[in-house]
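Visitor: The following block contains the structure, expressed as structure tokens.
The values are calculated or read from the model by the stated rules, or taken from the named source; none is laboratory data. In this text, all values refer to a predicted model and were calculated from it rather than measured experimentally. Here Cβ is always computed from backbone atoms with ideal geometry, including for glycine, and neighbour counts include all displayed protein chains.
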Amino acid sequence: MKKIINTNKSPAPIGPYNQAILKNNMLFISGQIALDPVSMKLNNGSIEDETNQVMLNIKNILNESNMDFINVVKTTIFLSDMDLFKDVNRIYGKYLAEGSEPARETIAVKTLPMNVNVEISMIAVI
């Protein structure tokens, strides 16, 4: 049986999906963009602001599931432009404990929801 995870500390889904699904001991977090959970407006003044907002949204979903970034085993990062990789990577890395970073891929795509520059999804394990 799966458990639906949603928290008001992260933005409400903008389509037919949930923030995350917990199945057995695995948490599948939907791709998060830089929406502020209170105003539902984009926090995209800079790529640093955008990436921080995405990671905070993910952190809140993890916390709702009694987890943290240490539980993350797989990350997928989607970028609007691979030239953003260095800045996104720097901010993303600040949220992770050195030596316990998850597996990851980073993909450049033509467009992302709401024309954001970064979207990140994760899989975590209890």
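Visitor: Taking the residues in the range 37-53 that are free of Cβ contacts under 8 Å to residues at least 60 places away in the same chain and surrounded by 14 or more Cβ atoms within 10 Å (Cβ to Cβ) as candidates, determine which candidate is nearest to Ile14 (Cα to Cα). Before the answer, list the steps.
Guide: The first filter runs over the range 37-53 and keeps only residues free of Cβ contacts under 8 Å to residues at least 60 places away in the same chain, leaving 37-41, 43, 45-46, 48-49, 52-53.
Subset that is surrounded by 14 or more Cβ atoms within 10 Å (Cβ to Cβ): 37, 43, 49, 52-53.
Working: Pro37: 12, Asn43: 16, Asp49: 20, Asn52: 20, Gln53: 16 Å.
That would be Pro37.
Visitor: Report yes if some residue within the range 60-73 is farther than 21 Å from Lys3 by Cβ and either surrounded by 14 or more Cβ atoms within 10 Å (Cβ to Cβ) or in contact with a Cys (Cβ under 6 Å, 6 or more places away or on another chain) (or both); otherwise report no.
Guide: no
Visitor: Find all pairs meeting these conditions: Cβ atoms under 7 angstrom apart; at least six residues apart or on different chains; first residue within the range 114-126 and more than 19 Å from Asn89 (Cα to Cα); second residue crowded, with 20+ Cβ neighbours inside 10 Å and among the charged types (D, E, K, R).
Guide: So the pair list comes out empty.
Visitor: All but one of (1) under 22 Å from Lys2 (Cα atoms); (2) surrounded by fewer than 18 Cβ atoms within 10 Å (Cβ to Cβ) hold for Leu96, so report the exception by its number.
Guide: Answer for Leu96: the failing condition is (1).
Visitor: Also: Right, Leu56: in contact with a helix residue (DSSP H, G or I) (Cβ under 6 Å, 6 or more places away or on another chain) and either surrounded by 16 or more Cβ atoms within 10 Å (Cβ to Cβ) or free of Cβ contacts under 8 Å to residues at least 12 places away in the same chain (or both) or not?
Guide: No; evaluated as a whole, the condition is false for this residue.
Visitor: From the list Ala124, Ala103, pick out the single residue that is under 12 Å from the mean Cα position of the chain (by Cα), under 25 Å from Ile5 (Cα atoms) and not polar (S, T, N, Q). Spell out the reasoning first.
Guide: On the way: Ala103 fails: under 12 Å from the mean Cα position of the chain (by Cα).
Just one listed residue meets the conditions, Ala124.
Visitor: Condition first: part of a strand (DSSP E or B), surrounded by fewer than 17 Cβ atoms within 10 Å (Cβ to Cβ) and among the charged types (D, E, K, R). Now tell me which residues in the range 99-126 satisfy that.
Guide: Arg104, Glu105
Visitor: Of all residues being in a helix (DSSP H, G or I) and farther than 21 Å from Ser10 by Cα in the range 61-97, which is farthest from the chain's Cα centre (by Cα)? Just the residue, please.
Guide: In this case the residue turns out to be Asp83.
Visitor: Name every residue in the range 93-112 that is in contact with a strand residue (DSSP E or B) (Cβ under 7 Å, 6 or more places away or on another chain) and either without any contact (Cβ under 8 Å) to a residue 12 or more places away in the chain or not small (Gly, Ala, Ser) (or both), in order of residue number.
Guide: Here is the first cut: in the range 93-112, the residues in contact with a strand residue (DSSP E or B) (Cβ under 7 Å, 6 or more places away or on another chain) are 102-109, 112.
Result: Pro102, Arg104, Glu105, Thr106, Ile107, Val109, Leu112.
Visitor: Hey, Asp87 hits all of (1) at pLDDT 95 or above; (2) surrounded by fewer than 16 Cβ atoms within 10 Å (Cβ to Cβ) but one; which does it fall short on?
Guide: Just one mismatch for Asp87, condition (2).
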